[in-house]
1. From the alpha carbon gyration tensor of the stretch 83-160, can you work out the equivalent ellipsoid semi-axes (sqrt of 5 times each eigenvalue) and give them in Å, largest to smallest?
2. Heavy atoms of the protein only, probe of 1.4 Å, neighbouring chains included. What is the accessible area of Phe29 in Å², nearest 10?
3. I need two numbers for the stretch 1-140: Rg to one decimal and Dmax as a whole number, Cα atoms only, in Å.
4. Once Rh for the stretch 6-61 is found with the Kirkwood sum over Cα pairs, what is the Stokes-Einstein diffusion coefficient at 4 °C and 1.567 mPa s, in µm²/s?
5. Roughly speaking, what is the centre-to-centre gap between the stretch 168-196 and the stretch 144-158 when only Cα atoms are used, to the nearest Å?
6. For the stretch 76-155, report the accessible area per residue in Å² (1.4 Å probe, heavy atoms, rounded to an integer).
7. Put +1 on the Cβ of each Lys and Arg and -1 on the Cβ of each Asp and Glu in the stretch 43-143; which of Cys47, Leu130, Ala120 then has its Cα farthest toward the positive end of the dipole?
8. Expressed as a rounded percentage, what relative contact order does the stretch 117-216 have, with Cα pairs under 8 Å and six or more residues apart?
Amino acid sequence: MNVPEWLAGRARNASDIGLAVVFAAVLAFWASRIAGSWGSGYWQFGCVAEAVVCLIALLRRRERAWAAIAGLAVATVAIPAALFGGLPAEPGPAMALGLSVLVGSAVRTLPARSAGAIAAGGLAVVAASLFSARTLAFGVPAVTMLNGAGWLAAVAAGLAPRLLAARRRAAADKVRRDERLALARELHDVVAHHVTGIVLQAQAAQLVARKRPEQVDASLAGIEAAGSEALAAMRRVVGLLRDADGADPATRSPSVWRIWSNASAATAGRCACGCRTTTRRRPGRPRWRAPSTGSYGSR
């Protein structure tokens with residue numbers, strides 16, 4: 001395990017410990033309030049149900065989907081039980097906090113369909129709390145307002161990093177597409193350069209055949225070598241295009257420049273017929289430069 005993973009694990013453990021302390025404090029506070037207002041025999045059921053949801057929230061990292069389903073199921077059972085048993089309305093503060101953690105974790109990490117189903121289940125629990133509420137605040141039961149606020153905070157906390165990750169993936173895909181387009185253009189230049197060289201050597205071979213027939217074999221050998229060089233250069237660039245499909249632009253940049261340098265080296269120099277060949281730059285296009293690893297990594 002490297003240092004970043006170790007630090008991330010310690011941070012997760014610290015956050016879970018802090019969350020457990022918050023759960024315990026909220027449970028103790030709500031139990032004392034219920035005992036003071038309802039009597040000593042009314043806080044046990046709510047405290048146990050809320051403690052179960054809080055425990056599930058602390059264990060959510062093992063299986064986030066099933067943890068969220070289990071928490072919602074406990075809340076679904078606790079609401080009618082509190083209503084028909086003459087007990088304080090559920091979900092209470094600790095249960096609402098635990099459900100918020102479960103819903104937010106599911107929305108952040110699960111696939112879109114599963115995350116939407118968990119979020120819908122949380123909203124259904126908020127709506128069901130209307131039936132078990134007895135005290136109203138501005139026409140809406142206080143327990144419903146509490147759970148509704150927790151649900152909204154959970155969905156927002158889950159969607160924010162999810163959307164940020166989607167934007168990062170879109171930016172990486174754009175970099176990848178732009179890079180592949182640039183390589184495709186360079187492949188066109190490589191092919192055009194070599195074909196031009198082959199045409200020039202073929203024309204030179206025609207002249208040699210008329211004036212010095214004994215040197216025709218050497219001219220044909222030069223044409224063959226130029227064709228082989230063209231095929232090798234195209235294989236290198238096409239291989240780069242294939243390898244670039246699933247690679248991260250930040251890690252792919254050095255190999256892009258290295259392979260392109262090899263391909264450019266094969267195209268530079270003199271042809272077998274002795275004529276000097278150069279790769280011309282298209283009008284309006286900047287000269288190819290080595291991609292900067294830092295610039296790609298920061299996108």
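The values are calculated or read from the model by the stated rules, or taken from the named source; none is laboratory data. None of these values were measured; they are calculated from a predicted model. Glycine gets a Cβ as well: all are built from the backbone with ideal geometry, and neighbour counts include every protein chain shown. Surface accessibility is based on the protein's heavy atoms, side chains included, excluding ligands, DNA and RNA. Shrake-Rupley method; radii C 1.70, N 1.55, O 1.52, S 1.80 Å.
1. Working: eigenvalues 120, 27, 20 Å².
Semi-axes from the Cα gyration tensor: 24, 12, 10 Å.
2. The value for Phe29 is about 110 Å².
3. 16.4, 55
4. Values: Rh = 12.4 Å.
Once the numbers are plugged in, D ends up at 104 µm²/s.
5. What the calculation gives is 46 Å, centre to centre.
6. 45
7. So the residue we want is Ala120.
8. On the way: 27 pairs, mean separation 14.5, N = 100.
The value is 14 percent.
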